[in-house]
Amino acid sequence: MKVEVNGIELNYDDQGEGVPLILLHGFPFDRNLWYDQVQALKDHCRIITPDLRGFGESGAPEEPVSMSQYAADVVALMDLLKIDQAIIGGLSMGGYVSLAIAEQYPERLLGLILSNTKAAKDTAAQRQNRYNTSEKTNYDGTEFLVKDLLEKVLCEETLAEKQDVVEYTQQMMRRQPGSAVRGALAGMAERKDREFILSEIEVPVLVIAGMKDTLIPVFDSKMMVREMPHAHLEIIDESGHLSNLEQPDLYNKILLRFVLPFGS
Ligand code: MLT
């Protein structure tokens, strides 16, 4: 489905009924990241999965996209759908956006899910690396990034044993336009540190980490949980960065356990 928000066409899926759960994809993916979660949860809640600005089937002008801009798009979508409050969560970059929502629109949260993500901003080296990558996509396209990221987002076991997951991940990355990739790289490079807001989050928080995640190690998740008054950590053993794709059954059980009490 498509709606006009903040000057762009925002595409999203909306399935099921009950307590609203909004899940935000990571980089460089789209709403299809959540296919398994939608199938598993749509009989238990209302699950909404947008394509963030520029990704999937959502439009965007070519420019840096801040985490606050993605957050404003999600809140504008909530307004259009007349949803006052939702459980909002995201994986990695989707988590950065969820934290921007927690900071700027805390009243819109029923609960928060921070999956394979962190609250700290980029280091100078990470920032420079994002700008170098962005520059390279201007003349080389994004295929080099797809190759480079594939080995980083999936753990060794998934790469060796789950060809369907490998192909699904690869295809999703290949579909994303260069403009979306560059917009998000600049937005992530310049994102602010949100560690200082963690202690102020009043709603229940579910933090999910992959034991074999090398991009955002378990350590970062433990640090966040320590700061938040109502947070709970789940570590998925046989998983890298894309826990929801690598271990969908376990991931869905964890999500359901968190979401169901909001509906009762
Ligand atoms: C993601 O999965 O969204 C990215 O790994 C986030 C990042 O590059 O910081």
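Counted over the range 2-263, the DSSP beta bridges are approximately 25% antiparallel.
For the chain, the share of accessible area belonging to carbon and sulfur comes to 49 percent (1.4 Å probe, ligands and nucleic acids excluded).
State, as an integer percentage, the relative contact order of the chain based on alpha-carbon contacts under 8 Å between residues 6 or more apart.
Values: 532 pairs, mean separation 56.7, N = 264.
In percent, rounded to a whole number, it is 21.
When +1 charges are put on Lys and Arg Cβ atoms and -1 charges on Asp and Glu Cβ atoms, the dipole computed for the chain relative to its Cα centre reaches about 340 debye. Dipole magnitude for the range 52-149: computed about the Cα centre from +1 point charges on Lys and Arg Cβ and -1 point charges on Asp and Glu Cβ, it is near 300 debye.
Each of F27, F219, F262, F55 has its accessible area taken with a 1.4 Å probe; listed largest first, they run F219, F262, F27, F55.
On the basis of the beta-carbon distance and an R0 of 35 Å, E57 and K121 show a calculated FRET efficiency of 0.75. Ordering P50, Q247, T158 by the projection of their Cα atoms onto the charge dipole of the chain, which places +1 on the Cβ of Lys and Arg and -1 on the Cβ of Asp and Glu, puts P50 at the extreme positive end. Between N6 and D140, full extension at 0.36 nm per residue minus the direct alpha carbon distance yields a gain of 45.2 nm. Distance between the modelled labels on Y35 and L81, one decimal in nanometres: 2.0 nm (7 Å Cα→Cβ projection). For the chain, the alpha carbon convex hull comes to 110 Å³ per residue, rounded to a whole number. An oblate overall shape is assigned to the range 144-195, the ratio a/c of its alpha-carbon gyration tensor axes (a ≥ b ≥ c) being 1.5 or greater and a/b not exceeding b/c.
With +1 on the Cβ of every Lys and Arg and -1 on the Cβ of every Asp and Glu, and nothing else charged, how large is the dipole of the range 7-80 about its Cα centre, in debye rounded to the nearest 20? Could the numbers behind the result be given before it?
On the way: 4 positive and 13 negative charges, 42 e Å.
Roughly 200 debye for the range 7-80.
Distance between the modelled labels on D148 and K192, one decimal in nanometres: 2.9 nm (7 Å Cα→Cβ projection). Among the listed pairs K2/K222; K162/K253; K118/K147, those whose Cα-Cα separation exceeds 30 Å are K2/K222. Note that the chain presents 43 Å² accessible area per residue, ligands and nucleic acids not counted, probe 1.4 Å.
Residues R175, R182, ordered by accessible area of protein heavy atoms at a 1.4 angstrom probe radius and largest first, appear as R175, R182. If R0 equals 45 Å, the separation of the Cβ atoms of H230 and Q163 corresponds to a calculated FRET efficiency of about 0.70.
The values are calculated or read from the model by the stated rules, or taken from the named source; none is laboratory data. Note that the coordinates shown come from a computational prediction; the quantities given were computed from them, not determined experimentally. Every residue, glycine as well, gets a Cβ built from its backbone with ideal geometry; the counts of neighbours run over all protein chains shown. The protein model used for the area step is the full one, side chains on, heavy atoms only, and it has no ligands, DNA or RNA in it. Shrake-Rupley method; radii C 1.70, N 1.55, O 1.52, S 1.80 Å.
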